[in-house]
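Please find one structure pasted underneath; my questions will follow.
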């Protein structure tokens, strides 16, 4: 039988998981409380800059996969295809 058996529990778990602060939020709050607003804003900008690049690369990879421009070249590290082997046509 297919389907979700405990749909209410699933929705509750999803909401609680999305509301729970992550490590970056706790880091920013800790720095803000201990060292002030200016350091907190700098920490938030640093976290945003650090997480922005992987998100952009993932979006670029998904765009390349969706358009079918994935290259068949292999990287030199164990034969795995890396994100940088996508080609733009």
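The values are calculated or read from the model by the stated rules, or taken from the named source; none is laboratory data. Remember, it's a predicted structure, so these values are computed and weren't measured experimentally. FYI the Cβ positions are ideal-geometry reconstructions off the backbone, even for glycines, and counts take in every protein chain you see.
Could you list all residues from the stretch 1-48 that are in contact with a helix residue (DSSP H, G or I) (Cβ under 6 Å, 6 or more places away or on another chain) and free of Cβ contacts under 8 Å to residues at least 24 places away in the same chain?
Taking the stretch 1-48 and keeping what is in contact with a helix residue (DSSP H, G or I) (Cβ under 6 Å, 6 or more places away or on another chain), we get 4, 24, 28, 31-32, 39-40, 43-44, 47.
Matches in the stretch 1-48: 4, 28, 31, 32, 39, 40, 43, 44, 47.
For the stretch 38-71, name all the residues that are closer than 13 Å to residue 24 by Cα and surrounded by fewer than 10 Cβ atoms within 10 Å (Cβ to Cβ).
Answer for the stretch 38-71, where residues must be closer than 13 Å to residue 24 by Cα and surrounded by fewer than 10 Cβ atoms within 10 Å (Cβ to Cβ): just 49.
Now, a different point. With a cut-off of at least 3 residues that are under 16 Å from the mean Cα position of the chain (by Cα) and modelled with pLDDT of 85 or more, name the helices (runs of 4 or more DSSP H) lying wholly within the stretch 1-77.
The helices (runs of 4 or more DSSP H) meeting that bar are 23-35, 37-67.
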